[in-house]
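The values are calculated or read from the model by the stated rules, or taken from the named source; none is laboratory data. Quick caveat, the model's predicted, so the values are computed rather than measured. No Cβ is skipped: glycine too gets one built from the backbone with ideal geometry, and neighbour counts run over all protein chains shown. Each accessible area value is taken on the protein alone, full model and side chains, heavy atoms only, with ligands, DNA and RNA left out. Shrake-Rupley method; radii C 1.70, N 1.55, O 1.52, S 1.80 Å.
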Amino acid sequence: MKYDYFLNLAKQEGLDEAELLVSNSSSTEIELFRGQIEQYEISSSTSVGGRGIYNNKLGTASANSYSKDIAKKLVEDIKENAKTIEQTDPIFIYGGSEKYHKTNVYIKELNNIPLSNKINKLYEIENKLKEMDKRIVETDVAYSETSFSNSIINTKGLNLTQKGNYFLIYCSVVVKENEQTKSGGEYFISNDFNKIDVDNLVKEAVKDATSKLGGVTALSKTYKAVLSNSVVSSFMNAYISNASSEDVQKHSSLFINKLGEKIASSKVTIEDRPLSKTIFAKYFDDEGVATSNRAIIKNGVLQTYLYNLTTAAKDGVNSTGNGFKMGGKMGVAPTFITLKIGKKSLEELFKEMRDGVYITEVQGLHAGLNPQSGDFSLQSSGFLIEDGKISHPLDMITISGNLMDIFKDVVTVGSDARLFASSSMCPSVLIKKIKVAGQ
């Protein structure tokens with residue numbers, strides 16, 4: 001009822017249809033460094049996006065709060081913006097999907113946990129880090145928490161709201177041995193505070209750093225490779241961005257004219273799963289279209305592009321519920337992408353490979369990847385694998401190849417799937433080859 005004034009005013013001022021997308025969020029940021037709270041911030045924000053059809057053009061406007069005066073300004077700005085629109089793309093204010101599969105992943109208990117408990121958890125982690133290894137010379141522990149509520153209200157009677165919350169806790173260490181210094185870290189993301197395993201978090205952070213000590217460079221050649229789940233996540237996000245129907249229609253996608261074709265190994269099944277019970281669950285997109293779980297690539301075959309209402313109308317298909325606001329316009333994006341897991345553990349992938357490299361980190365993917373060709377060259381780190389076991393860490397290496405070839409060359413998918421803050425979940429994979437430049 002709060003927003004009826006805007007909807008009624010929009011009609012009075014000659015808008016055929018109008019809509020508000022209202023987002024409210026609150027966040028907490030805490031960082032502990034050298035036993036002291038270095039950062040502590042609690043903030044909240046509101047974003048109001050208005051859209052309306054005026055003289056057959058879709059105008060937009062935005063504000064950082066809502067009141068009757070702001071409602072008037074939004075209507076005025078929508079009309080003025082519509083007058084400047086020249087493009088002839090199909091436009092929509094959506095009346096609603098036939099059925100919504102509501103997902104509730106909001107855990108109110110997270111917001112009720114005293115802040116002192118969260119700070120004490122950071123101190124506990126810091127103390128255990130310092131006790132774990134005498135080579136540790138520096139520690140850093142951070143906690144971030146976000147709660148949000150997104151609502152869509154329009155003149156066609158649509159009124160949808162979804163809530164969510166989550167936290168991310170991260171710890172990093174710097175270790176020194178002789179004259180060599182390395183850093184590493186670990187994180188945990190969830191909305192169930194009781195699931196934090198401090199001992200495992202600390203152990204993995206220290207292991208990540210200490211395992212890099214004593215590294216050597218690799219011989220420059222082509223290797224078989226196991227890509228860690230975090231590296232696969234980075235590559236998969238870049239790869240699946242090509243499923244955007246907007247990019248396909250602009251002829252800037254590597255997936256153009258490949259629907260129904262085999263573009264990846266038969267071991268590769270990548271899905272968009274917005275209805276999974278994760279912190280990234282969404283039951284409607286920013287246009288109010290119901291979301292659904294769907295395979296983008298199934299057994300290597302491209303099944304679908306991802307659509308919002310406008311791009312779907314251009315291709316004569318239905319929206320896939322992937323319309324998300326990007327800046328001032330409605331774009332296309334996946335919600336929560338997953339790579340279907342296999343049955344082999346990371347150690348079993350090493351045994352299957354026998355000799356090769358284990359790539360654990362890549363840097364500068366946005367700068368080092370050519371989106372037109374898919375070619376990449378990235379600074380990386382990892383380990384040499386000999387006779388199915390980790391031999392020693394690798395320093396100062398660069399891997400190169402092609403994004404499309406990475407997924408064509410998947411031999412085996414592992415079972416060590418992990419949830420990533422980039423809204424994805426995937427395991428490690430064994431691939432046929434990767435070029436490594438070292439010494």
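Numbers below:
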read-out	value
Most fluctuating residue given options Ala333, Ala225, Ala71, as computed from a GNM of the chain linking Cα atoms under 10 Å	Ala71
Point-to-point label distance, Gln87-Asp133, nm (Cα→Cβ direction, 7 Å offset)	5.0 nm
Taking the chain and dividing mean pair separation by its residue count, relative contact order in percent (alpha carbons under 8 Å, at least six apart)	15 percent
Burial order of peptide ranges 360-372, 242-254, 168-180 (average beta-carbon count within 10 Å, highest first)	242-254, 168-180, 360-372
Estimated FRET transfer efficiency when R0 is 22 angstrom, pair Asp387-Glu361 (beta carbons, to 0.05)	0.40
Separation of the Lys108 and Arg418 label points, Cα + 7 Å toward Cβ, nm	3.4 nm
Mean separation of Cα contacts under 8 Å, 6 or more apart, over the residue count of the stretch 264-418: relative contact order %	23 percent
Nearest-0.05 FRET efficiency for Ser43 and Gln180, computed from C-beta distance (R0 30 Å)	0.15
Accessible area of the chain divided out per residue, in Å², using a probe of 1.4 angstrom	48 Å²
Angle between the chain longest axis and helix 198-210 axis [Cα atoms, degrees, rounded to 10]	60 degrees
Theoretical gain in end-to-end length, Asn8 to Asn200 [0.36 nm per residue, Cα-Cα removed]	63.6 nm
Net charge over other residues, Cβ less than 13 angstrom from the Cβ of Lys134 (K, R count +1; D, E count -1)	0
Å³ per residue enclosed by the Cα convex hull of the chain	158 Å³
Additional length obtainable on full extension of the chain from Phe33 to Ala313, 0.36 nm per residue less Cα span	95.5 nm
Sulfur and carbon atoms: percent of accessible area, the stretch 107-232 [1.4 Å]	46 percent
Rough spin-label spacing in nm, given labels placed 7 Å along Cα→Cβ, for Lys163 and Arg354	5.8 nm
When each of Lys130/Lys325; Lys176/Lys435; Lys156/Lys282; Lys102/Lys298 is checked by Cα-Cα distance, pairs over 32 Å	Lys130/Lys325
Cα gyration tensor of the stretch 1-126 - equivalent ellipsoid semi-axes, whole Å, descending	42, 18, 14
